[in-house]
Amino acid sequence: MLTKRIIPCLDVKDNRVVKGVNFLNLRDAGDPVELGARYSETGADELVFLDITATIRSRKTIVDMVKRVAENVFIPFTVGGGVQTVEQIDELLRSGAEKVSVNTAAVENPKLIAEAAKRFGNQCLVLAIDARRASSGMRPATDDPRMTHDAQHTTARWRVCVKAGSEPTDVDVVEWARRGEELGAGEILLTSMDADGTLAGYDNALNKAVSDAVNIPVIASGGAGTLDHLYDAVVVGGADAVLMASITHFGNYTITQMKEYLRDRGLPMNL
Amino acid sequence: MIVVIDYNVGNVKSVCNAFRHIGCETELSRDPARIAQATGLVLPGVAAFGYAMEALGDAAEPVKEAAAAGKPVLGICVGHQLLFDESTEYGPHQGLGLIQGQVVPVPPEQTVPHMGWNLVELPEEMDLFAGMGPAKHFYFAHSYYAQVTDGQAKTALVDYGTPLTASVQKGSIYGVQFHPEKSSNQGLQVLKNFHALCRR
């Protein structure tokens with residue numbers, strides 16, 4: 001049986017990890033390569049590196065970073081942020097990334113997914129979706145306390161946001177995820193813009209809606225604050241993997257603590 | 001020197017990176033003379049079976065000769081599949097035929113590709129897993145797997161709804177369906193063990 005995956009996410013700007021990192025014994029906590037290597041050694045299942053500047057000028061920097069990461073990190077890693085063309089995907093994969101995530105460019109040009117999947121294989125292509133809850137005032141549909149307050153609506157709808165989540169579109173998240181799978185995406189990286197940064201838990205209604213709609217793995221992202229949250233994303237939200245930043249970068253929990261907790265609650269983990 | 005066979009496609013560099021990390025310099029080559037002089041050979045995993053066999057081209061014979069002479073050979077992912085007689089991926093294709101068996105699709109009852117970390121039972125008598133305990137997780141990413149029919153081969157299995165071949169050994173010919181170069185410390189340990197076998 002495949003294990004559930006723990007995936008630390010590193011936001012990178014000008015070749016530095018931002019959001020801050022609080023790891024003991026790191027010479028340079030802002031170096032994406034050193035931090036990635038540390039996570040690789042301490043039990044992370046995968047890593048995600050997001051280029052949050054994503055300008056034309058930053059592309060060369062990120063390719064150089066990917067090459068250095070590949071020399072020092074011996075687990076699979078995904079690179080994303082501002083990826084627009086099949087050629088850019090090719091360059092990142094050849095530089096050592098296992099997978100590349102696409103977001104805004106895929107919404108604007110869905111053919112990008114199909115072309116990249118055909119050329120490199122579905123397993124290389126991650127569709128990143130930034131989701132924002134579309135409306136309020138919908139009736140609660142569950143009493144499950146594990147659903148966050150915000151998430152107590154099965155009638156809820158989410159809109160796809162683009163440009164680093166700043167710009168809402170009219171595209172429905174669940175439909176877009178389904179379409180992404182049809183086009184050839186191998187995985188969905190699903191970020192709740194509502195929950196992101198709150199440390200109050202993942203949006204499990206969102207996770208459930210998407211994981212029920214597709215057959216490819218869903219990575220839950222946005223809102224992780226406690227170990228319970230990780231468990232709920234898998235059991236309530238149906239996620240195959242959980243992505244987090246703050247709760248691991250700041251040293252609240254080690255990767256091993258997360259895995260032991262989830263294993264002890266009955267989930268298959270790589271320990 | 002261990003020679004990593006250069007298919008001139010895909011990301012063979014990650015295998016070289018992993019060997020370098022454990023203190024073992026490798027040479028990326030497809031030159032028959034270099035292959036003949038190597039202490040061990042690695043066939044990394046790239047692309048589809050037929051494409052990989054074609055890319056191997058005239059390097060296939062020297063690899064077979066080295067294996068017949070008892071030189072350690074390690075196939076990874078598709079490189080592991082190439083060790084067998086044939087594959088059905090995109091039509092029938094002949095492999096190297098070093099180990100008897102067929103490469104067939106992962107059963108469609110499970111999500112294909114089989115991608116992620118899965119637990120491999122490690123038989124004590126397999127050299128690659130020496131000193132690693134009864135079971136470890138490794139990173140897999142594949143849609144086909146080898147059905148081993150060779151009576152002289154030892155195998156390690158992984159459970160994906162049905163048991164799949166995760167590793168094979170026949171004499172000094174080794175194959176791993178998973179990616180040791182992407183399997184963290186336990187993957188690096190497998191490469192260390194192979195490196196040790198090449199120095200015997």
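Rule-based calculations on the coordinates, nothing more; no lab input. For clarity, every value in this text was computed on a predicted model and none was experimentally measured. Cβ coordinates were reconstructed from backbone atoms using ideal geometry, including for glycine residues, and neighbour counts include every protein chain displayed.
Structural remarks
- The Cα-based radius of gyration of the range B:32-117, divided by its Kirkwood radius, gives an Rg/Rh of 1.01.
- At 1.567 mPa s and 4 °C, Stokes D of the protein assembly as shown from Kirkwood alpha-carbon radius, µm² per second: 57
- A convex hull fitted around the alpha carbon atoms of chain A yields 116 Å³ per residue.
- Partner lysines whose Cα lies under 24 Å from the Cα of A:LYS111, excluding those fewer than 8 positions away in the same chain, are identified as A:LYS99, A:LYS163.
- Distance in nm between pseudo-label sites at A:THR61 and A:ASP228 (7 Å out along the Cβ direction from Cα): 4.0
- As a proxy for reagent exposure, B:GLU121, A:GLU187 were ordered by neighbouring Cβ count within 10 angstrom, fewest first; the result is B:GLU121, A:GLU187.
- Cα gyration tensor shape for the range B:1-146, rounded if a/c is under 1.5, else prolate or oblate: oblate
- Rg/Rh for the range B:1-71, where both radii come from Cα atoms and Rh is the Kirkwood radius: 0.95
- Computed log10 I(q)/I(0) for the range B:79-136 at 0.20 Å⁻¹: -0.96, from the Debye equation with unit scatterers placed on every C-alpha and solvent omitted.
- Beyond 16 Å, the tail of the calculated P(r) for the range A:27-80 holds 38 percent of the Cα pairs.
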